[in-house]
Amino acid sequence: MNYPGRFPLARPRRLRQADWVRRLVRETTLSPDDLIWALVVHDGVEDEIPVAAMPGVARLSVKAAAAAAKRAHALGIPAIAVFPHIDAAKKDARGREAFNPNGLVCAAVRAMKDAAPDVGLMVDVALDPFTDHGHDGLLRDGRIANDETVEALVEQALIQVKAGADIVAPSDMMDGRVGAIRAALEREGCHDTLIMSYAAKYASAFYGPYREAIGSGKLGSGAIDNPGDKRTYQMDAANSDEALREVAMDVAEGADMLLVKPGMPYLDIVARVKQAFGMPTYAFQVSGEYAMLMAAAQNGWLDETRVILESLTAFKRAGADGVVTYFAPKAAEMLG
Ligand code: PBG
């Protein structure tokens, strides 16, 4: 870095005096190409069921999700990440509904691919929408059974890929799952399936509204080593070097793309991961970040348009190649 001269030879404000010069010197740009639309689907008939904690977000029926995929295409959004809200009656301790090839996720993926073949579809690989205890993993004697969970995740991922998913995104934080999924994909001839690893995913209070969105409720029952949370598998918010070790393992195991989650409180992690690995790196602007900005905007305390675009730009500036966000359609409209 060359440092500028001294005042008054250097006057940094010269470069900010008008829109034309601000545009010329702008270092970071934001476009619909940077967006992955986080979208919630449900297995009922209503087209849209609003999520109270996320104003402007609704769970969509499979039919409405297909229409949303067309909308994504029209808006220039490259990909959609699908998250399922499963009827409570279909949940059990093993998350068996996750392996149903005719279940909600597979039905949504098929309908969306059909409606908009050019839009990339990303699916979450994790058991929490399907387990009655709400954990991403399977429990053995009240503890999360890592390797047994990994076998289940492999099965879930293969079913999703057979339904047409382009990117599988393991969000469970079990050890070894990226390698196991990659090996199974290769074995099955799915050489082109992308893995976006939630490589650095933190145990975060910012996921609160998502629990309402997908109906995974409160944790706590029956888990001895998980007193109401996911801290034995998701990362400690205080750690940063550990994120680089997690990423290194996932890259070695065959991840194509990396995700840091949550987003805005973890921009330092995004920057470190991008600098250290130079891999395609994404940030997840999670439900709590969405809720926070929307709540303030609805109270007239923040300018909605400006905070949406500023927050998304911040991810790019930190080094992210793109952002998984519930704001995607709104932001794409603003940018278009
Ligand atoms: C779990 C999963 C979570 C989110 C995506 N996948 C929640 C969690 O880990 O508890 C959160 C998304 C959001 O908050 O927007 N597999």
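The values are calculated or read from the model by the stated rules, or taken from the named source; none is laboratory data. Worth saying up front: this structure is predicted, and the values here are computed from it rather than measured. Glycine also receives a Cβ, built like all others from the backbone with ideal geometry; neighbour counts cover every protein chain displayed. All accessible areas refer to the heavy atoms of the entire protein, side chains included, with ligands and DNA or RNA removed. Shrake-Rupley method; radii C 1.70, N 1.55, O 1.52, S 1.80 Å.
Give the separation of the Cα centroids, segment 313-327 to segment 1-54, in Å. Segment 313-327 and segment 1-54 have Cα centres spaced 8 Å from each other. Spin-label pair D303-D175: with each label point 7 Å from Cα along the Cα-Cβ axis, the two points sit 5.0 nm from one another. Taking all Cα pairs closer than 8 Å and separated by 6 or more residues, the relative contact order of segment 200-320 comes to 29 percent. Scanning residues 5 or more positions from L139 or on other chains, those with amide H under 5 Å from its amide H are A145, with H placed 1.01 Å from N in the peptide plane.
Note on the chain: antiparallel DSSP beta bridges, both residues inside, total approximately 15 percent of the bridges counted. Between D192 and A296, the distance separating the two model label sites (each 7 Å from Cα on the Cα→Cβ line) works out to 4.3 nm.
Take the chain, connect every pair of alpha-carbon atoms lying under 10 Å apart with a spring to form a Gaussian network, then pick out the residue of L127, L267, L24 with the largest mean-square fluctuation. It is L24. Structure shown: which of K230/K261; K113/K230; K162/K274; K91/K261 lie over 24 Å apart, alpha-carbon to alpha-carbon? Result: K113/K230; K162/K274; K91/K261 exceed 24 Å.
With each pseudo-label sitting 7 Å past Cα toward Cβ, what's the F99-I49 distance in nm, one decimal? Going from the F99 label point to the I49 one covers 2.6 nm.
The local environment of M292, defined by Cβ-Cβ distances under 14 Å, has a net charge of -3 under the rule Lys, Arg +1 and Asp, Glu -1. Ordered from highest to lowest accessible area with the whole protein assembly present and a 1.4 Å probe, L75, L9 read as L9, L75. The overall shape of segment 30-335 is rounded: from the C-alpha gyration tensor, with semi-axes ordered a ≥ b ≥ c, the ratio a/c is less than 1.5. For the chain, the relative contact order comes to 19 percent (Cα pairs under 8 Å, sequence separation of at least 6). Output the 0 to 90 degree angle, nearest 10, between the alpha-carbon long axis of helix 241-252 and the longest principal axis computed from the alpha carbons of the chain. Helix 241-252 sits at roughly 70 degrees to that axis.
All alpha carbon pair distances within segment 121-240 were sorted into 5 Å bins beginning at 0; the resulting P(r) in whole percents reads 2, 11, 21, 23, 20, 13, 7, 2, 0.
May I ask you to derive the FRET efficiency for S240 and E333 from their Cβ-Cβ distance with R0 = 51 Å, giving the value to the nearest 0.05? FRET efficiency, S240 to E333: 0.90. Here r is the Cβ-Cβ distance between L15 and D114 and R0 is 51 Å; the resulting FRET efficiency, rounded to 0.05, is 0.55.
Among A318, A65, A184, the largest mean-square fluctuation in a Gaussian network model of the chain, built with springs joining Cα atoms closer than 10 Å, belongs to A184.
The packing ranking of peptides 296-305, 78-87, highest mean first, is 78-87, 296-305, where packing means the average number of other beta carbon atoms within 10 angstrom of each residue.
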